[in-house]
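The values are calculated or read from the model by the stated rules, or taken from the named source; none is laboratory data. Note that this is a predicted model, so its numbers are computed, not measured. Cβ atoms come from the backbone with ideal geometry, glycine included; neighbour counts cover every protein chain shown. Heavy atoms of the whole protein, side chains included, go into the accessibility calculation; ligands, DNA and RNA do not. Shrake-Rupley method; radii C 1.70, N 1.55, O 1.52, S 1.80 Å.
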Amino acid sequence: MERLRSSPLHANISTALDKHLESIHVLQARRKDEIVSASSRQRHGPPRCQDERVVLALAAALRALCLATRKVRTVLWCAFQMTLPK
């Protein structure tokens, strides 16, 4: 989009994209933690409290990704509107 405009876009656009990517990485890490927790639970029996913390962390990461996705969609729509010819 910057090439179409031949000028840089607003800094908030890059920030929103970076936060979205960071949210994706956090969610991936929480999912890996959940998988490790589930596999260790099968071997040693159910440590209930630890398992709930892992699932709650995964849910919080998913919520953060949802919010970041909404923001980045809006930001990209605005950037697109700015690139359209008048």
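Computed values, structure above
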quantity	calculated
Failed item, numbered, when D51 is tested on (1) open to solvent by 80 Å² or more (accessible area, probe 1.4 Å); (2) modelled with pLDDT under 95; (3) acidic (D, E)	(1)
Search result, residues across the stretch 64-86 that are part of a loop (DSSP other than H, G, I, E, B) and open to solvent by 80 Å² or more (accessible area, probe 1.4 Å)	P85, K86
Residues of the stretch 5-23 classified as of a type outside the set (S, T, N, Q), surrounded by fewer than 13 Cβ atoms within 10 Å (Cβ to Cβ) and either part of a helix (DSSP H, G or I) or out of contact with any helix residue (DSSP H, G or I) (no Cβ under 6 Å at 6 or more places or on another chain) (or both), total	5
Long-range neighbours under 6 Å by Cβ, at least six apart or interchain, first residue in contact (Cβ under 8 Å) with a residue 60 or more places away in the chain within the stretch 69-86, second open to solvent by 90 Å² or more (accessible area, probe 1.4 Å)	T83/L4
